[in-house]
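Structure, as structure tokens:
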Amino acid sequence: MVTITELPDTLLLEVFSYLPVRDRIRIARVCHRWKRIADDRWLWRHVDLTIYKMCPKVLWHLLRRYLASRLQSLRMGGYLFSGSNAPQLSPTLLRALGLKCPNLTRLCLQVADLRALPLACLPPSLRTLELHSCEISSAWLYPGPGASRTATPLPHLERLVLHRVPTFCDEHLLGLGRFPALRTLVMGGTYHVTETGLSNGLRRLSQLQHLEVLDCTLAADVVLRAVRHCRPNLQGLSLSARHLSVTGLEHLPSLVGLQSLSLMGPPVMHNLPSPLELLAACQALPMLRSLEIRGLGWEGQEAEGILSQGLPQCWVSVRAYTRESRDWWM
């Protein structure tokens, strides 16, 4: 029987990659061989620190000792609800992260106070930025005094996820026009976005291909109307079926480039369109290849059969409302 010490380095690396960060550091104390493997940069491509409450001193140690050019994705938690004396992320730390880890493409920040952090301090290599339960200032998307308002701090940003960022509003949507590479925008629980703000913001996002508007105060009909008038060539659309009506479905045929459509429940009105009415709207979409329905009370084979038969070129999924239906952001 083979023991763990007899495994080749490649297999040990694979095993160690499933360990939390703290355990990866601890195994380096076992022996010289394990220390060499634990220091391998391949092991530090994807790092999740959200399960720990780490002070800036520990983060600086990780940055100097382990995180380097191989780091591709990083998840960090903040101390937003821990009081004013709790340690916070600093601009100096985030700038050092960008210098030390030039290949970092995905950054996820959770429960962090970002009001004192200018956007320019984030690593410029980012392609994906996720903010979960974070606080931002009203001028967060704009450069500070003396800087050019046309400067692009994140020139490669392609995907932005905003989940329960309560201060995100119409003004921030307009500021997103500064990201020329933005292809995907996910908004969940952004309650201060209005129809006017959504329309004006979408007009500035000329490269946008995928939009998700979930658990917001905007009605589904409002989102569909804004997309029709401002981004009719959108390829992917996911939205809560809140106040979705037959009138709202009439906007769908104008989205001639739509390839995927997701409707998430539960709905907030009783006169929800029927599967046949949704089918009629989707049949006018020549590029549609994916249709996903969650939590609209259509579970069972009947609704899925109607949609599948009427859309033979499209993958159709009809599922009941579950907790996973709400955990779209994870």
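Limited to region 168-180, what total is found for residues that are part of a loop (DSSP other than H, G, I, E, B) and either in contact with a helix residue (DSSP H, G or I) (Cβ under 8 Å, 6 or more places away or on another chain) or on the phi > 0 side of the Ramachandran plot (or both)? Working first, answer last.
If we filter region 168-180 for residues that are part of a loop (DSSP other than H, G, I, E, B), which is where we start, we get 168, 179-180.
Next, from what is left, pick out any that are either in contact with a helix residue (DSSP H, G or I) (Cβ under 8 Å, 6 or more places away or on another chain) or on the phi > 0 side of the Ramachandran plot (or both): none.
So the answer is 0.
Hey, could you check region 62-84 for residues that are surrounded by 13 or more Cβ atoms within 10 Å (Cβ to Cβ), farther than 11 Å from Val21 by Cβ and not aliphatic (A, V, I, L, M) and say which is modelled with the lowest pLDDT? Filtering first and then ranking leaves Ser82. Which of the residues belonging to region 1-52 are assigned to a helix (DSSP H, G or I), in contact with a helix residue (DSSP H, G or I) (Cβ under 9 Å, 6 or more places away or on another chain) and exposed (fewer than 11 other Cβ atoms within 10 Å of the Cβ)? If the condition is that a residue be assigned to a helix (DSSP H, G or I), in contact with a helix residue (DSSP H, G or I) (Cβ under 9 Å, 6 or more places away or on another chain) and exposed (fewer than 11 other Cβ atoms within 10 Å of the Cβ), then Ile4, Thr5 are the ones that fit.
Of everything in region 96-120, what is at pLDDT below 90 and under 19 Å from Leu71 (Cβ atoms)? Give them in sequence order. Of everything in region 96-120, just one residue is at pLDDT below 90 and under 19 Å from Leu71 (Cβ atoms), namely Ala112. Assess whether Leu59 counts as being crowded, with 18+ Cβ neighbours inside 10 Å, assigned to a helix (DSSP H, G or I) and at pLDDT 85 or above. Spelling it out, it is not the case that Leu59 is crowded, with 18+ Cβ neighbours inside 10 Å, assigned to a helix (DSSP H, G or I) and at pLDDT 85 or above.
Checking each residue in region 181-211 for being under 23 Å from Val246 (Cβ atoms) and in a strand (DSSP E or B) picks out only Leu211. One residue stands out in region 107-137 among those that are among the β-branched types (Val, Ile, Thr) and assigned to a loop (DSSP other than H, G, I, E, B): the one that is surrounded by the most Cβ atoms within 10 Å (Cβ to Cβ), namely Ile136.
The set of residues from region 288-306 being among the aliphatic types (A, V, I, L, M) and at pLDDT 95 or above comprises Leu288, Leu291.
Here Ile37 fulfils each of the conditions (1) of a type in the set (Val, Ile, Thr); (2) in the same structural domain as Leu176 (by TED's automatic domain parsing); (3) under 29 Å from Glu14 (Cα atoms); (4) touching a Phe, Trp or Tyr at 6+ places or on another chain (Cβ under 7 Å) apart from (2).
The values are calculated or read from the model by the stated rules, or taken from the named source; none is laboratory data. All values reported here derive from a predicted model rather than from experimental measurement. Cβ coordinates were reconstructed from backbone atoms using ideal geometry, including for glycine residues, and neighbour counts include every protein chain displayed.
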